[in-house]
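Below is one structure; the comments refer to it alone.
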Amino acid sequence: MTEIVAQSSPLDRAQAAIREVLDGRRRGFRTILPMAGPAVVVSIAYMDPGNFATNIQAGAKYGYGLLWVVLVANLIAMLFQALSAKLGIVTGRNLAELCREQLPRPLVFAMWIVSEIAAMATDLAEFLGGAIGLSLLFNLPLIWGMIVTAIVTYGILTFEKRGFRTIELIIGALVGIICLCYLIELFIVPVDWAAAAFHTVVPQLKDAAAVTIAVGIIGATVMPHAVYLHSGLTQVRLTVHNDADRRKLLRYSNREVIVALAVAGAVNMAMVMMASGAFHEGNSDVAEIETAYHTLRPLLGAAASSVFLISLLASGVSSSAVGTMAGQMIMQGFVGFRIPVVVRRLVTMIPAFIVVGYGVNATNALVVSQVILSIALPIPMIALLLFTQQAVIMGSFVNDRATRLAAMLGAAVVLLLNTILLLQTFGVPVPFLGE
């Protein structure tokens, strides 16, 4: 038996370890690694280059004033990622598949189109982030940075053939690099910890521009493709046939969501604090990733700027791979047949190259992409709410009253911010909001 296990694939070993946990043959710390993975992969969506762009703008212009938005966004993200994971574990299907099966065809078509637009906006942010990091780190033209990012991303995606575990480990390693980079930044950049703590829990929106950035933070934090993806990642790990196993998987899934997204939230807060400490006093007009890099070097030295670029590069490459996985899952779920990864890669990659080819400002494009994502976000959120509160779909795992109310409140916050953004876009005055 030992010889058979030794010769088995990483996928077989991972599934065997998960089964041992569910059967009670692994206990304590030995259960952590086999059960971790989906939320770690999804967490990269909450640390992608779009977060860099919006968080730099938030910290530079408003100091610590928008930290509370990061906290609120992260709490909403935790809730909806937990619900997405639950949907996959309980039903054995992902959110896009359930939309195709349960909703009217015209609505499904409209949801697919909006989801594809959101996937393109996601890829735009991720490709640009990786390309900016490469171009600054190695003094390359931006278009060459995008080509290298595309090649590296495709290389990572080829490991999907070895099963979910290999991809989880690669993405987990890149998440670790990003976290380490921002831990280092907090030791380099001067931080007013008392002010940061105060603004984390006290809401404040100084003007209309703050609302735009706040919506961008929501769009960069609670990601539509991550809501779709999580249900699929839990779906493929292990087939379960009884409610006892599903309950155990849900307990481990919820714990992983809390830990992984708490880490992602801490990284986002560290980004805002870094930008606040480095730029708010004297350089509050810093609004672009390239400017942030060039400003960091004379202010805080080569170490701060280099660590910043390494984290951006790790973020761009890993989130681009995860974005492609999500896009593939969304397209397959809505249309009902498998899409080659090369086709999926090209569908969302080409618009990013067009944007760069036309010379659009990279950081502005990043921020706009996050606003697009924020506007697309209510669609999977509402669909997820709809399905997880139906007993015919979820059985005994249907949302309880407290979960239902919390999810409705989270969705309402996102819808409210999006409504304010649309009013601003069309020049409609927003009551109680300064100019």
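Annotations for the structure displayed:
- Selection of first residues in segment 120-141 that are in contact (Cβ under 8 Å) with a residue 24 or more places away in the chain and crowded, with 24+ Cβ neighbours inside 10 Å and of second residues that are of a type outside the set (D, E) and not in a helix (DSSP H, G or I), restricted to Cβ pairs under 8 Å at least 6 apart or on distinct chains, gives the following pairs, ordered by first then second residue: T122/M223; L134/L140.
- Annotation note: of V90, V114, V108, the sole residue that is β-branched (V, I, T), assigned to a helix (DSSP H, G or I) and buried (at least 21 other Cβ atoms within 10 Å of the Cβ) is V90.
- Looking only at segment 318-354, residues that are at pLDDT 75 or above and crowded, with 18+ Cβ neighbours inside 10 Å come to 17 in all.
- Considering A58, A85, the condition of being among the small types (G, A, S), in contact with a His (Cβ under 6 Å, 6 or more places away or on another chain) and in a helix (DSSP H, G or I) is satisfied by A85 alone.
- Extreme residue, farthest from R26 (Cα to Cα), among residues of segment 233-253 that are touching a Phe, Trp or Tyr at 6+ places or on another chain (Cβ under 9 Å) and modelled with pLDDT of 80 or more: L233
- Filter result for the condition that a residue is closer than 21 Å to Y62 by Cβ, surrounded by fewer than 22 Cβ atoms within 10 Å (Cβ to Cβ), among the small types (G, A, S) and without any contact (Cβ under 8 Å) to a residue 24 or more places away in the chain, over A194, A208: A194
- Unmet requirement for H241, which otherwise passes all of (1) of a type outside the set (A, V, I, L, M, F, W, C); (2) free of Cβ contacts under 8 Å to residues at least 12 places away in the same chain; (3) buried (at least 24 other Cβ atoms within 10 Å of the Cβ): (3)
- Flag for A407 being closer than 25 Å to R247 by Cα, in a helix (DSSP H, G or I), modelled with pLDDT of 80 or more and not hydroxyl-bearing (S, T, Y): yes
- Some residue of segment 37-47 being touching an Asp or Glu at 6+ places or on another chain (Cβ under 8 Å), buried (at least 22 other Cβ atoms within 10 Å of the Cβ), among the small types (G, A, S) and in a helix (DSSP H, G or I): yes
The values are calculated or read from the model by the stated rules, or taken from the named source; none is laboratory data. Every value quoted in this text rests on a predicted model; they were computed, and no experiment measured them. For neighbour counting, all protein chains shown are included, and Cβ atoms are generated from backbone atoms with ideal geometry for every residue, glycine included.
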